[in-house]
Every structure is written in C-alpha cells, then in structure tokens.
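K.L.:
Please find one structure pasted underneath; my questions will follow.
Each value in this text was obtained by applying a stated rule to the coordinates, not by laboratory testing. Because the structure is predicted, anything quoted here is derived from the model rather than measured. Cβ coordinates were reconstructed from backbone atoms using ideal geometry, including for glycine residues, and neighbour counts include every protein chain displayed.
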Amino acid sequence: MALRRQIRVGSQWMYADEARQALREAMRVMKEEEHGHGHQLPFLRRYVFSTDHKWIGIQYGVTALLFLLLGFCLMILMRLQLGWPGTAFGVMKVLGESRAPGGVLLPEAYNQLGAMHGTIMIFLGIVPLAVGAFGNYLVPLQIGAPDMAFPKLNMASYWCYLPGGMIMLASLLVPGGTAQSGWTSYPPLSVIASAGQTWWLVGMVFLITSSLLGSVNFIVTIIQLRAKGLSYMRFPFFVHAQFVTSFLLLLAFPPLEAAAVLQLMDRVAGTSFFMPSGLVVSGQVLTNAGGGNPLLWQHLFWFLAHPEVYVLILPAMGIVAEIIANNTRKPLWGYKSMVFATVFLGFMSFVVWAHHMFLTGMGTTISAFFQTTTMIISIPSVIILSSLFISLWGGAIRFTTPMLFALAFLPMFGIGGLTGLPLGLAATDIHLHDTYYVIGHFHYVVAPGTIFAMFAGVYYWFPKATGRKLNDTLGRIHFWLSFVFINGIFFPMFAQGLAGVSRRLYDGGMQYAHAKQIAAQTNPFMSICAIGLLVAQLPFIWNFFYNAIAAALGHRDEGLGSNPWGATTLEWAATTSPPLAHGNFEVLPVVYRGPYEYSVPGASAEFIPQNEPTVAEPPRGGGLLPTTAVAMREN
Amino acid sequence: MDAHAHASVGHAELEIPYNVHPRPDTGVYNGKLGIWLFLASEVMLFGALFSSLILLRTGAETWPRGDVLLNVKLATVNTFILILSSVTVVMAWSHLRLGDLKKGRIYISVTILCALIFLVNKGFEYAHEFEHHNFPKTNNFFAIYFTMTGLHGLHILGGVIVFLYFLGPGAKMWVTEPERYTNRIEIVGLYWHFVDLVWIFLFPVLYLM
Amino acid sequence: MEKFLAQYMPIDASEHGPYLDRLSANVHWLMLVLFVGWGLYFLYALWRFSARRNPKASYHGVQSHFSTYTEAGVAVVEVILLVGFSIPMWYRWTHVPPASSHPLEMRIVAEQFAWNIQYPGPDGVFGRRDIKLVTSSNPLGLDLKDPHAKDDIVTLNDLHLEVNRPVVIHVTSKDVIHSFKLPVMRVEQDAIPGEEITIHFTPVLTNESGAEGDKWEIACAQLCGLGHYRMRGQMFVHSKDTFKKWLASAPPAQTSIGS
Ligand code: HEA
Ligand code: HEA
Ligand code: CUA
Ligand SMILES: [Cu+2]
C-alpha cells in the first residue's frame, strides 16, 4: 500500500494538496480581512432567511423556548382553576369575557387551554427545541461538516414551523375559540367542534411538513457529510440520538398528515371518515353519510404519537450523555450497547402505539401483542439509563450547572419511565387509563426529564454559541428551585391517579365522590408549586437574555477560549460562535478516535480531542514516529 | 482529490461536499439520498391512506363498485399517459447525461405535456361525478376517491411546477454546472416515478375492485 | 405495598378488583426496588466520585457485568407479570360469563353529558331502538310499538346492581367518545359511537346505607366536551331482595316515556 506524506499545521494533519488548498484559502481570507470583510450577506439573508445551520438553530431555539414559556403560562391559568375551582382571578381576564367572564374560567375555555398546552409544549416547544435547535446547531459541528446537506431546505423547515406556530396562536382568536378536544383531537368530538379545530389541523400540516424537511436533511447530513475518519461508532452519542430521532420523524409523521387531511375533509367537505352512522348530538340527528370509524383516527394518531414521545426523549438522552461524559472526565460506560439500544428503541417504537387504546374494546390477542411490545420497549430505556448511571462510577464528577440538570434527569426520567410499566400492562391500565397517573407518568419524562435536559444543553453549549458562560449562581438557583417545585407539582398526580381522578376535569374532580377528597387535599399545593416553578424560571430568563444580548453587542469573555469545558467532541474544535455563512471549520477536521477520550491512561493530556492526530502510539504500518512536522501514515 | 478539500470555507455560497459527486463510501450524492428518504415518507403517507381505505371498506356492509360509478376508460388512458411520461423523463435524463440539453428539454416538455393531459382528464372525471351529484360527502367511497385522487393530483401538479422551473430559469445551471443540473432532473425523475407508481396502485383499487 | 396503595385507591367492591390491585402492587414493587436500588447507588456514586474526593477519573470504570444482570432481571420480572398475570386477567376481562350464570344484563348509552341505562325488563329482551324516535323524553329512541320495548326499564344516571350477581353491560354512545368508569369496581370501558362493546363484572359489596362514604358513582373518563367534568351517575349495589323491590318499583318504559 502506497505511503503518502502528511504535513501538520497546528494540530491538523493534511496531505500536501489539502495543505495547499488551505494555504490558498488562508491567503484569500487574509486579503479579505485587509479591505474589510468582503461579500457580507445582506441583513435579511444573514439573520432572517439565513441558510446557516447555526443561525437557524438559534432561531429555532429562541422561538421554541418562548413557546415553552407560553405553554407554561397557559398551564398556570389551568392550575389556578384546578387549585381553586370557580374562583375569580384577575389574570384570567387576559382570556377575555367570552372565556373567563369576571375572571372565572369557563369549562370550554379550560378545554381550549388544555388542548393548546399539550400541542404547544410538544409540537411547538420540545420538538423544535430538541431537534430544530440543538440538532441543527450541533450535528453539523459534531460531525465536522461545513453545514447541513441542504441549507435552503433547512431554512424552509424553520419557515414552515413558524407559520405553523402562528396559525396555532391565531386559532386562539377565532370565534368559538381554538381546538378544545385535547391534543389527541379524538373524533367525533373534534369533528363537531368549533372552527378552531380546523385551524389546529392546518397548523399541524405546517408543523409536520417542517419536521419532514428537517428529518430528511439531518439523515443526509449525518450519512454524507461525516468528517474523514468519523465512522459511525465514533459518533458522539448525541449524533446517534438525533439520527434515530430523524428516522422516527420521517416515518411516523406522514400517517398523522394523512389523518389530519382526512379530519379536514370530515370538517370541511362533510365526509365521514371518522363519523359512524346515526350520531345524535344534543338531540339533533347528524346528517352526514356515516359509515366511518372513530378508532381509525386513534390508530393513525398514536402511530405517530408514540414514536413522537421517543422523539421527545432521545435528543434529551443524547444531551445528557454528552454532558455526563464531559463532567465525569471519562468515557461513557457501555457506549456500544447504548447505541444499539437506541436503534432498537427506534424500531420498536413503531409497534407499541395501541397501548394508548387498551380500553377501546381490544381482544386478548391484540392486547397481548401490544402489552408484550410495550414491555420489550422498556428494556432499551433501562439499558440506556443503567449505562448512564454506571458511567458515573470511577469518574471525577464536576458539579457544573449543566451537570446538575443532567444528573437530575436520570432519576426523574426513571420515575416517569417506571410509572409507564403499570400503564403498559393492560390489566392495571383499566383503573389507571385517562387518570392523573398518566399525566404524572409522562410529565415526569417530559418536564423534569426532557426540559431539564434542554436546560442542561442550554447551559452547556451557550459558550459555544455566544462566547459567554451563563452565570453559575443564577444557574444553581434556577436548578434547585425548579427541582423542588416540579416534583411538588407532579408527584401528587400519582396519588390522584390511583384514586381514579380522571384527567381533563375542569374542576380537578371536585364533582366526584371518589375524587373530591384527594383533589381538595392536593390540587392547591400543586398549583402553588406550579407558580413557584414559574418564578424559578425568572433567573434563567434573565441569565439567558442578559448574556445573549451582551454577546450580540460583542462583549465576549475572551478568557473563555474555544473549549471552556475541556471537551473532546468536534464542535469544540471550531472557533467560538463560528462565523455565519462561512462554514464551520477553517479546514474540515479529520477524526482519529472515539468521542470520549478522557483520562486516557498514559496520555500526556487529560483529554484528547477527536481530531487530535495520533502521535502517542505508532501509526499502523509505520515504525516509531518522531513528533516532527512530517510523518508517514498509511493512506 | 476527494471533495473534502473543495469544501473549503469562505465562499459567499459555501459549497457542500458531495452535492454533485457521490461520496465514495456511500456511493450516492446528497440529493439522491435525500429524495429516497423523502419518498420513504411519501410511502408512509399513501400507505396510511390505503390502510384507511381497507379499514373503512372492510368495516362497511356495502361498498359501491368503482367500475360502475367511475369512468374506467378515461382512467385507463390516464394510466398509460403517466407511464409514458415516466419513460420520457428517463429519456430526458439520459440525453442530458450525453450532454444534449436540446433533446433533454424536448423530453422534459413532453413529460409536462403528459402531466397536463392527465390533469385535464381528471378534471373531466371530477366534473362528470359532480354532475351525477357524487360529492366527497355522498359516501365513504367517494370520500376516499376524491381525497386520494385529489392528493395524487396535487403531487402531479407539484411535479409539473418543478419541471417547468427546470425547463425555464432552472436550466441556467446547465451552463455553470451541467452535472448538477442532470442530477436534479434525475431526482425529479425519481419523484415522478413514485407519483406514477401511486397511480398504478390507485387505479385498480378505486376503479376496478 | 397493596395496603399502601389501597390508602389512595377507592374501596374495591368487585370480584375481579383484588386481582388487579394485587398485580398493580406487584408492578409497584418492581418499580420501587429498581428506583431505590439505583437511587442508593446513584447517591453513593455522586458522593464517592465527586472531583474533590476522586480527582483522577478511571478510563475504564466498572468492569463487571452487574448491570447486565439487573437488566436481565427486569426483563424476567416483566415477562412474569405479563404472561403470568396481565394477559390471563385480560382474557377473563374480555370473556363474558355464560347465560347459565343468569347475569344481570343491561345496555348503557352515553351522551353529552349523561348515562342512559336500559334494562331489558321482565321479558329479558331489549326493545328496538331507532334514532328517528329520539326525543328529550325518549333519549334512547325506544320504539314503543315493539312489545319487547314496553317493559324495558330506562333510567338516567341511575345504575342499580345486585350483589354477587354477574353484570353484563353493553356500552355504547350516541354522540362522541366517552369512557364508562366505575372506580370502585375497577371497571372502565370507552363508550364508542357506532360500536357496542360488552363488559362484565361482579359486585361483591353493597352500598345501601347511602352514607357519604357509600356514595358510588359512574365517572366519565374520556374528554367529551365542556360537561365532561360533571358527567357522572350514581350507582347502587343492592342485596338480592332490595334489588327485586327496586325492579318492581321502577316504571316500565311504557309509562316512563309514554307514547
Ligand atoms: C418522552 C415521553 C415518553 C416516554 C419516554 C414514555 C415512555 C414510556 N411510556 Fe408513555 N406516555 C407519554 C410519553 C412518554 N412515555 C405520553 C405523552 C403519554 C400520554 C399521551 C396522552 O394520552 O395524552 C404516555 C402514555 C403512556 C401510556 C398510555 C396510558 C394510558 O393512556 O392509559 C402507556 C401505556 O402503556 C405508556 C407506557 C410507556 C412505557 C412502557 C414507556 C417506557 O419506554 C419507559 C421505559 C423506562 C423505564 C422502564 C425506566 C427505567 C428506569 C430504571 C431502570 C432505573 C430507575 C432508577 C432510578 C430512577 C434511580 N405511556
Ligand atoms: C412536552 C410536553 C409537556 C410539557 C413540557 C409539559 C409541562 C407541564 N405540564 Fe403538561 N401536558 C402535556 C404536555 C406537556 N406538559 C400534554 C400533552 C398534556 C395533555 C393535554 C391534553 O389533555 O390533551 C398535558 C396536560 C397537563 C395537565 C393536565 C390537564 C388536564 O388533564 O386537565 C397538567 C396539570 O397540571 C399539566 C401541567 C404541566 C406543568 C405544570 C408543566 C410544567 O412542567 C411546565 C414547565 C415549563 C417550563 C419550566 C418552561 C421553561 C421554559 C422557559 C423558562 C423559557 C424561557 C425562555 C427563554 C429563555 C427564551 N399538563
Ligand atoms: Cu363523557 Cu367525558
Ligand atoms: Cu406510548
């Protein structure tokens, strides 16, 4: 095999021709610098219709965080009603007389808030934040790519997401109010609901399109633009998580798109895909043709919505894994099995959907099938979580702010996941279905689980994006308050669920003999915790905007350097907040090793970045290698 | 010299590796992988609709017969037109690969023509149904018929628009990057075959069974 | 554990209920063991391996396959719970008792926001229903020309059962999807328009005292519109003879609906 010489420039090994290329580049850039930055893109192309994955990521991030906040605020209104049913609150007046006359929330308004809370949190909050923001910003950097494979498509995906969100918001203003049939929009209720539901459906079509464009882009980027030497098993775990997530989005969303189209037809064109014959609504016989099947919607919806829930968790796991590896200063334990578990999880998530439908009159065989798949799918999660737990062993744990959130994720997701088991067994689900036990289950996974992971990610990568660290003290205040309050909200839900308190109750169950007592005991406390949680976000919001604006004004923390956490993955090899529309790396990096080479025995450095050329051990083929500028490497 | 080196930074339009030439170890260029993935999601979309059709049909005690209610002759003609158009895109592409833009354009135009004929025929069909007071809300057969053929029609329309673009302004690329232009036609072609394929399924399911 | 959960759960007045609760308890045992086990490990690890106490991380970390065993353990327990308990229980739950056990049969038709309950009456046959006949006084659209209908007993939000006698209920809905839930019976079934789903159970306790603690109810568990939160009915489980008395006193459709 022919041997070609390589030249080292800084920490970067290059073949002669590459080096020449780089040299030319360098000259050109220098010339540019001399007579001011040439070819500046106009403001619109730079900041509004940008095609740069980093800026699009930031657009996604800020938008999604604001939506999260909005979804939270809607929930605060609901929590006020749940805690003190029928009491008049000044803030309720923001909903207008039609929804909250004299500040007392109406039942239909409660249902609207509920549907919107769910929709906003999932489709406008977490997914765009986890995939659109973190995925967009980090994946190309972590795989050493100059940008996404299809930059324009990337822009289009943001510009489908934003209108989708705006349509959802606008639907709050249409007469009769917005969607009010839950985020699950079960027909016939949703089909006979007021005009807002149509807006909801149209909004969903936009959001789905956005996700589809995004997922194609991610998959192609990861497969095609991997840096030289970055084999799949050298990916940071975060990239694997995003990879599987993209496949889930790609294949699970279209059926919901189909379902949305069918429901639109039912509402607009008067078809009856989901409308059985002979419905009598409030004394009136419906005139539609009938012959439809309401369960068809549920199947199409859950076929999306179960994979969707793993879309909510996988990126979170990815972020947590990155931060744990970095702050334990050691490789992830069982990286391989984590990767395979993730892929397996992806496959399985397509065959469990009907565990949301056990009580729709399911026979033994079918329920047995879905119970089994549901139990099976819990195993990979167990594997991933266990691996993360064990990764702590032997580490030198740095309790940085991002690490605090990442660590809290583990038990919180644990609680959420474990409580999925009694729901996954059809027999125990009989009593728990559609109770607050379910609400508790999934909030533990998405709120102190996913949201905490998102916070961790923001604290961890903020320096990369802006050149400033978020304030640590504020960060710790934010963490501890959030941690206490969020458990105060969600843990009592399990007691309520066991008591059989149904979800989506306007008064939290005060009407029901079996629910009265526990509702009265717990709801006020939970609502107070919710308000506390809102207050606990203020330090973060301040911290975020203060530093973001300061950075935008050019006040960087120069001492920080481009790798403040001492991390090994490629995003830290790029300069701090890499220039927009100019690619990410001066010269595309080459990868020589796995993602988490911390505390390598016998190594000179405490950590070895992925793109650090191998000098310590002799290269394959070569003899012992002097650390000179020119070395022999097998080509 | 592999594409890593051209992907140097700093150009106003920075260039993405492998958006023209296949990546050695994966053997495809970005666009091609992209379209295959997109088609995978399209399969899920129409797959969901077909399964809905099956579920509704098996659930219904009576189901109208397409071959009686619908215009099978026209649909058969349409089927052949679409198949023809699938052939012509391939022709267009192979001529472009031989560097013959003129022929390529001619075949693209023929493809567009076929598509338009298809749409016009569909228009006649719809009009015919409406005359006989068959609307989506009439029954679930027509509901699914209009929904699926309508959605398929939109896909055709989308294809037409893209082809028109590549026939007109898009063709400028031929001068600067002929290979890339050819690739784009190949990609649209793949999409077009898929749309064609969907029809091949729709036709028997709605019209004959 | 079962006791612990029971403090939160409603009393358990059906024959199959205790089995469900026991399974629930077993699952929660599994959850507790995992949570406490890992939790303790977690806290120890955080203390033992904080950078202050352990400044130099170990590249290799844990070498044993201990986690593999726990994972396998979880899998095994899940299989047992699934095959040993949940699936058989579901089989029982979905298989209606034979007529020989002369079950008490009835039809429940949900509507926004109430429960219509139809007993077949003495002749034991449900009367014909026709949606064209639906009126406010005849919410089920019973066809009183049908002899079988005349003697049917129709109540609104008022469910009467006989203790220790199997109950077979045909659940359906007139408008949207509801969910028929009897918390004290550990019974729930979605009421789906266009489908009539049959469920069964056997009450083993009575609540004739009418005391506050003895208030048993039908709850609606599925969002069905603005009245979802108040869509409830009352349920009474009688002893054999009081139930007879009630049946006798209940007006047949003929008089209650009139024609
Ligand atoms: C991110 C979101 C997410 C995730 C990850 C999951 C994970 C799981 N979910 Fe959940 N689920 C939802 C979101 C999610 N779910 C939502 C949103 C709903 C409600 C939808 C609606 O109706 O509105 C729902 C509802 C739902 C139902 C329907 C309930 C009902 O309506 O009656 C079921 C039933 O099977 C279920 C099961 C499961 C299971 C078995 C898992 C498993 O994957 C869990 C596996 C994980 C574990 C088993 C944890 C392992 C932990 C350890 C090994 C160690 C623990 C140690 C410590 C904590 C220290 N979920
Ligand atoms: C990802 C999903 C997600 C998330 C994160 C949440 C978060 C929360 N949810 Fe939600 N919830 C749902 C999804 C979610 N929910 C769904 C799907 C339903 C079912 C709806 C239905 O019935 O159809 C539901 C229902 C639901 C109910 C039941 C209502 C009912 O059944 O009647 C309740 C009750 O308390 C509740 C409460 C909360 C609370 C207190 C939070 C809190 O954890 C919120 C915490 C939020 C934050 C901490 C925000 C942080 C963001 C910032 C601070 C932004 C800062 C901005 C910048 C820096 C720019 N939710
Ligand atoms: Cu009926 Cu909820
Ligand atoms: Cu699920």
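K.L.:
Over the Cα atoms of the stretch C:18-175, Rg to Rh with Kirkwood Rh, two decimal places?
P.N.:
Using Cα coordinates only, the ratio equals 1.32.
K.L.:
Still on this structure, I have one more. Work out from phi, with θ = phi - 60° and the Karplus expression 6.51 cos²θ - 1.76 cosθ + 1.60, the ³J(HN,Hα) of each residue of the stretch A:279-286, listed in order in whole Hz, and give x for Gly and Pro.
P.N.:
7, 10, 9, 6, x, 9, 6, 5
K.L.:
Next question, about the same structure. Let me know the mean shielding of A:322-331 by other chains, meaning the per-residue number of their Cβ atoms within 10 Å of its Cβ.
P.N.:
On the way: counts 0, 0, 0, 0, 0, 1, 7, 7, 7, 4.
Average per residue, whole number: 3.
K.L.:
In addition: Using alpha-carbon pairs under 8 Å, 6+ residues apart, how would you state the relative contact order of chain A in percent?
P.N.:
Relative contact order comes out at 17 percent.
K.L.:
Just subtract the alpha-carbon distance of B:ASP67 and B:TYR126 from 0.36 nm times their residue separation and send over the number in nm, one decimal.
P.N.:
Details: separation 59, 0.36 × 59 = 21.24 nm, distance 1.52 nm.
Here the answer is 19.7 nm.
K.L.:
Sticking with this structure for a sec: In sequence order, what are the phi-derived ³J(HN,Hα) couplings for the stretch C:114-119 according to the Karplus relation 6.51 cos²θ - 1.76 cosθ + 1.60 with θ = phi - 60°, rounded to whole Hz, with x for glycine and proline?
P.N.:
The phi angles translate into 7, 10, 8, 10, 10, 9 Hz.
K.L.:
Distance in nm between label sites at A:VAL484 and A:ALA26, each 7 Å beyond Cα in the beta-carbon direction?
P.N.:
Going by the 7 Å Cα→Cβ label model, 5.6 nm.
K.L.:
Note the full-extension length gain between A:ALA603 and A:LYS228 as 0.36 nm times their separation in residues minus their Cα-Cα distance, in nm to one decimal.
P.N.:
Extending this stretch completely gives an extra 132.7 nm.
K.L.:
Could you list log10 I(q)/I(0) for chain A at q = 0.08, 0.09, 0.11 Å⁻¹, which the Debye formula gives when each Cα is one point scatterer?
P.N.:
With one equal scatterer per Cα and no solvent, log10 I(q)/I(0) is -0.61, -0.77, -1.11.
K.L.:
Antiparallel as a % of all DSSP beta bridges within chain A, to the nearest 5?
P.N.:
85 percent
K.L.:
Could you work out the Rg to Rh ratio of the protein assembly as shown, with Rh taken as the Kirkwood radius (inverse of the mean 1/r over all Cα pairs)?
P.N.:
1.00
K.L.:
Let me ask something additional. Calculate how many DSSP beta bridges within the protein assembly as shown are antiparallel, expressed in % of all such bridges and rounded to the nearest 5. Could the numbers behind the result be given before it?
P.N.:
Details: 39 of 55 bridges.
The answer is about 70 percent antiparallel.
K.L.:
Among A:PHE237, A:MET92, A:PHE369, which residue has its Cα positioned farthest towards the positive end of the charge dipole of the protein assembly as shown, with +1 placed on the Cβ of Lys and Arg, -1 on the Cβ of Asp and Glu, and the dipole taken about the Cα centre?
P.N.:
With unit charges placed on the Cβ atoms, the residue in question is A:PHE237.
K.L.:
Here is a follow-up. Of C:ASN54, C:ASN207, C:ASN26, which is the most mobile in a GNM of chain C whose springs link Cα atoms less than 10 angstrom apart?
P.N.:
C:ASN54
K.L.:
Additional query: Through the Karplus equation 6.51 cos²θ - 1.76 cosθ + 1.60, θ set to phi - 60°, convert the phi angles of the stretch A:476-491 into ³J(HN,Hα) values in whole Hz; use x for Gly and Pro.
P.N.:
Taking θ as phi minus 60°, the curve returns 5, 4, 3, 5, 5, 4, 4, 4, 5, 5, 5, 5, x, 6, 8, 5 Hz for the stretch A:476-491.
K.L.:
Within a 10 angstrom radius of each residue's Cβ in A:399-409, how many Cβ atoms of other chains show up on average? Whole number is fine.
P.N.:
Values: counts 4, 0, 0, 0, 0, 0, 0, 0, 3, 0, 0.
So the per-residue partner count for this stretch is 1.
K.L.:
Separation between the C:TRP246 and C:LYS3 pseudo-spin-labels, each 7 Å from Cα along Cα→Cβ, expressed in nm?
P.N.:
3.3 nm
K.L.:
Next up: For the stretch A:151-230, what does the convex hull of the Cα positions come to per residue, in cubic angstrom?
P.N.:
Numbers: hull volume 7.4 nm³, N = 80.
Each residue corresponds to 92 Å³ of Cα convex hull volume.
K.L.:
In terms of the Cα gyration tensor, with a ≥ b ≥ c the square roots of its eigenvalues, is the stretch B:8-122 rounded because a/c is under 1.5, prolate because a/b exceeds b/c, or oblate?
P.N.:
Judged from the Cα gyration tensor, the stretch B:8-122 comes out oblate (a/c at least 1.5, b/c at or above a/b).
K.L.:
Within chain A, which is the longest segment that contains none of the GluC sites (Glu not before Pro) sitting in a DSSP loop with at most 16 other Cβ atoms within 10 Å?
P.N.:
A:98-605
K.L.:
If you don't mind, there's one more thing I want to ask. Only sites in a loop by DSSP and with at most 14 other Cβ atoms within 10 Å count here; which GluC sites (Glu not before Pro) in the stretch C:199-229 make the cut?
P.N.:
Loop-located and lightly packed - C:GLU208.
K.L.:
Considering every residue in A:416-424, what mean count of other chain Cβ atoms within 10 Å of its Cβ is obtained?
P.N.:
That works out to 4 on average.
K.L.:
Another question about this same structure. With the cut-off at 1.5 for a/c, could you classify the stretch C:104-259 from its C-alpha gyration tensor as rounded, prolate or oblate?
P.N.:
Details: a/c = 1.68, a/b = 1.10, b/c = 1.52.
Verdict is oblate for the stretch C:104-259.
K.L.:
Can you tell me how much longer the chain between B:VAL87 and B:ALA171 gets when fully stretched, taken as 0.36 nm per residue apart minus their C-alpha distance, in nm with one decimal?
P.N.:
Additional length available on full extension: 28.2 nm.
K.L.:
Now a separate question. Roughly what % antiparallel, to the nearest 5, for the DSSP beta bridges in the stretch C:130-259?
P.N.:
Values: 15 of 21 bridges.
Around 70 percent antiparallel, to the nearest 5.
K.L.:
Between B:LEU113 and A:VAL268, what FRET efficiency follows from the Cβ-Cβ distance if R0 is 35 Å, with the result rounded to 0.05?
P.N.:
The calculated FRET efficiency here is 0.60.
K.L.:
Follow-up question, since we're still on this one. Compute the FRET efficiency between A:THR365 and A:SER194 as 1/(1 + (r/R0)^6), taking r as their Cβ-Cβ distance and R0 = 45 Å, and round to the nearest 0.05.
P.N.:
That pair, A:THR365 with A:SER194, gives E of 0.70.
K.L.:
Fewest Cβ neighbours within 10 Å first, please rank C:ASP190, C:ASP151, A:ASP472 accordingly.
P.N.:
Details: C:ASP190 27, C:ASP151 17, A:ASP472 12.
Fewest to most other Cβ atoms nearby, the residues stand as A:ASP472, C:ASP151, C:ASP190.
K.L.:
List the residues, sorted by chain then number, that are 5 or more residues from C:TRP216 or on another chain and whose placed amide H is less than 5 Å from its amide H.
P.N.:
Close amide H contacts, sequence-distant or interchain: C:MET235.
K.L.:
Pairs of lysine in chain A with Cα under 26 Å and at least 8 positions apart or on different chains: total?
P.N.:
12
K.L.:
For chain C, what's the relative contact order in percent, using C-alpha pairs closer than 8 Å and at least 6 residues apart?
P.N.:
It comes to 21 percent, rounded to a whole number.
K.L.:
Right, here's the next one. What is the dipole size for the stretch A:427-567, taken about its Cα centre, with +1 at each Lys and Arg Cβ and -1 at each Asp and Glu Cβ, in debye to the nearest 20?
P.N.:
About 160 debye.
K.L.:
Of the residues B:GLU61, B:GLU131, B:GLU177, which exhibits the maximal mean-square fluctuation in a Gaussian network model of chain B defined by a 10 Å Cα contact cut-off?
P.N.:
Comparing B:GLU61, B:GLU131, B:GLU177 in a Gaussian network model of chain B, the most mobile one is B:GLU61.
K.L.:
Under a point-charge model restricted to the Cβ atoms of Lys and Arg (+1) and Asp and Glu (-1), what is the dipole moment magnitude of chain C relative to its Cα centre, in debye to the nearest 20?
P.N.:
For chain C, the charge dipole is close to 1000 debye.
K.L.:
Fewest Cβ neighbours within 10 Å first, please rank A:TYR310, C:TYR41 accordingly.
P.N.:
Result, fewest neighbours first: C:TYR41, A:TYR310.
K.L.:
Moving on to the next point. Pick out, from B:GLY159, C:ASN116, A:MET30, the residue whose Cα sits farthest towards the positive end of the charge dipole of the protein assembly as shown, with +1 on the Cβ of Lys and Arg and -1 on the Cβ of Asp and Glu.
P.N.:
A:MET30
K.L.:
What's the exposure ranking of A:TRP183, A:TRP542, going from fewest to most Cβ atoms within 10 Å?
P.N.:
So the ranking, lowest neighbour count to highest, is A:TRP542, A:TRP183.
K.L.:
Something else about it: I want to verify a result. In a Gaussian network model of chain B, Cα cutoff 10 Å, which of these has the top mean-square fluctuation: B:VAL43, B:VAL20, B:VAL198?
P.N.:
B:VAL43
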